[in-house]
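The values are calculated or read from the model by the stated rules, or taken from the named source; none is laboratory data. The shown structure was predicted, so the numbers you read here are calculated from the model rather than taken from an experiment. Methodologically, a virtual Cβ is constructed for each residue, glycine included, from the backbone with ideal geometry; neighbour enumeration extends over all protein chains shown.
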Amino acid sequence: SLRAGIVGLPNVGKSTLFNAVVENGKAQAANFPFCTIEPNVGIVAVPDPRLNVLSELSKSQRAVPASIEFVDIAGLVKGASQGEGLGNKFLSHIREVDSILQVVRCFEDNDIVHVSGKVDPKSDIEVINLELVLSDLDQVEKRMEKLKKGRAKDSQSKMKEEAEKTALEKIQQALMDGKPARSVPLTDFQNDAVKHLCLLTMKPVIYVANVAESDVADPGSNPHVKDVMNLASDLQSGLITISAQVEAELNELPPEERIEYLKSLGVDESGLGNLIRATYSLLGLRTYFTSGEKETKAWTIQSGMTAPQAAGVIHSDFERGFIRAETVAYKDFVSAGSFAAAREKGLLRSEGKDYVVQEGDVMLFRFNV
Ligand code: GDP
């Protein structure tokens with residue numbers, strides 16, 4: 001599944017948020033194998049009411065939601081790229097995730113020390129960005145040194161090396177200006193050529209503004225949140241506001257008291273569902289379903305994927321042997337009630353290899369083995 005790394009300076013609420021996400025996931029998905037794999041890795045289901053609707057219509061034995069893996073990555077401090085704190089170990093953990101959730105402290109609390117003395121989201125974000133930029137710059141320069149030797153033998157690998165060199169020069173310039181690698185416009189071919197470096201500043205970032213419980217009802221009125229909002233939009237990144245503390249407290253309450261507590265704060269639902277859904281959608285992810293007697297399952301794909309690529313998410317054999325995909329839109333499946341009924345009503349389409357899968361498609365793949 002998709003991996004999202006939770007990062008941030010010390011004492012901003014990373015662990016509180018991580019634990020809340022995992023505890024809540026366990027409670028919501030008692031019959032699914034979602035759990036904490038390692039102390040700092042938890043898998044949670046992406047809440048989706050469509051899953052149960054389909055599962056009931058198909059009388060499936062089980063319903064399997066899409067999932068996201070959250071990783072709590074502690075240890076980022078100023079100087080990490082130079083080996084301070086856990087330094088490089090921390091950065092190598094970030095290399096392995098698909099996206100970064102950066103928790104930014106927007107709550108005031110004199111009892112909880114802020115590493116730089118005061119709550120200042122702009123400076124926190126800059127500190128972290130700088131570490132990621134410096135680490136990437138180091139990687140890029142090492143790689144450029146290697147490429148100078150020009151080991152490519154055939155013309156195809158020479159072309160790839162050239163593309164990589166061109167891309168790296170552009171990326172190096174951006175990094176030296178303090179800008180992330182993802183801000184550099186690259187061709188698909190150049191993108192592919194630098195992918196193997198897993199640059200940290202290539203990954204999509206979502207800022208998570210952690211607010212006090214008094215701000216949950218109207219986070220926009222907190223000036224720190226406004227700062228993060230402006231920065232997120234400048235950096236073309238997503239923004240979510242949440243109170244990690246509130247989420248942690250909700251998990252401790254018996255279910256019947258949770259609604260009361262949320263009401264007293266002026267909101268009607270926990271922020272975690274929103275966090276999970278937003279992480280999913282801000283990353284340009286889409287869901288399609290397979291549905292039968294054995295199971296109904298939500299599958300995660302990147303927006304723009306074709307039917308064979310989507311089939312490949314289930315199994316690479318499905319992609320290789322792809323023939324066609326019986327496809328029906330979610331609402332049409334629901335109105336018809338089954339694949340067979342959808343076919344009778346002319347709502348089932350037979351799609352070929354160029355079909356771009358749409359959000360909510362219910363699909364049945366035909367393939368050669
Ligand atoms: P980490 O170092 O970023 O993982 O931070 P922690 O999750 O360990 O939180 C540091 C401290 O801040 C803990 O004592 C938390 O209880 C507290 N904390 C986290 N979120 C909030 C919040 O929204 N409001 C307040 N007042 N305290 C919080």
Quick check on the range 271-280. Is at least one of its residues buried (at least 21 other Cβ atoms within 10 Å of the Cβ), of a type in the set (A, V, I, L, M), outside the structural domain of A66 (by TED's automatic domain parsing) and closer than 30 Å to S237 by Cβ? no
When both residues are 6+ apart or on different chains and their Cβ atoms are under 6 Å apart, which pairs have a first residue that lies in the range 3-18 and is on the phi > 0 side of the Ramachandran plot, and a second that is among the small types (G, A, S) and within 6 Å of the ligand (Cβ to nearest atom)? G13/A244
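Suppose the filter is hydroxyl-bearing (S, T, Y) and modelled with pLDDT of 95 or more; does Y288 pass it? Before you say what the answer is, go through the steps one by one.
Values: hydroxyl-bearing (S, T, Y): yes; modelled with pLDDT of 95 or more: yes.
For Y288, the condition - hydroxyl-bearing (S, T, Y) and modelled with pLDDT of 95 or more - is met.
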With the condition kept exactly as written, say whether any residue in the range 97-116 is in a strand (DSSP E or B), in contact with a Phe, Trp or Tyr (Cβ under 9 Å, 6 or more places away or on another chain) and hydroxyl-bearing (S, T, Y). no
Looking only at the range 203-215, which residues are touching a helix residue (DSSP H, G or I) at 6+ places or on another chain (Cβ under 6 Å) and surrounded by 19 or more Cβ atoms within 10 Å (Cβ to Cβ)? I206, Y207, A209, N210, V211
Count of residues meeting criterion [more than 10 Å from the ligand (Cβ to nearest atom) and modelled with pLDDT of 85 or more] in the range 95-118: 9
With the checklist (1) over 22 Å from the mean Cα position of the chain (by Cα); (2) closer than 24 Å to A4 by Cβ; (3) within 16 Å of the ligand (Cβ to nearest atom) in hand, flag the one item K122 doesn't pass. (3)
Would you be able to say whether some residue in the range 136-152 is within 16 Å of the ligand (Cβ to nearest atom), touching a residue at least 40 places away in the same chain (Cβ under 8 Å) and acidic (D, E)? no
Does K142 count as more than 26 Å from the chain's Cα centre (by Cα) and closer than 20 Å to G79 by Cα? yes
Options N31, N52; residue that is more than 28 Å from L200 (Cα to Cα) and modelled with pLDDT of 90 or more: N52
Considering residues that are outside any helix (DSSP H, G or I) and in contact with a helix residue (DSSP H, G or I) (Cβ under 6 Å, 6 or more places away or on another chain), the number found within the range 314-351 is 8
Exactly one of K78, K59 is modelled with pLDDT of 90 or more and more than 10 Å from the ligand (Cβ to nearest atom), and that residue is K59
Name the residues in the range 185-198 that are in contact (Cβ under 8 Å) with a residue 40 or more places away in the chain and over 16 Å from the mean Cα position of the chain (by Cα), would you? L197
Can you go through L250, L275, L231, L239 and tell me which one is more than 30 Å from F365 (Cα to Cα), in contact (Cβ under 8 Å) with a residue 24 or more places away in the chain and either assigned to a strand (DSSP E or B) or among the β-branched types (V, I, T) (or both)? L239
In the set E126, E131, E164, the lone residue that is more than 28 Å from F70 (Cβ to Cβ) and either at pLDDT 90 or above or crowded, with 18+ Cβ neighbours inside 10 Å (or both) is E164
Checking G5 against (1) within 28 Å of D124 (Cα to Cα); (2) small (G, A, S); (3) modelled with pLDDT under 75, the condition it does not meet: (3)
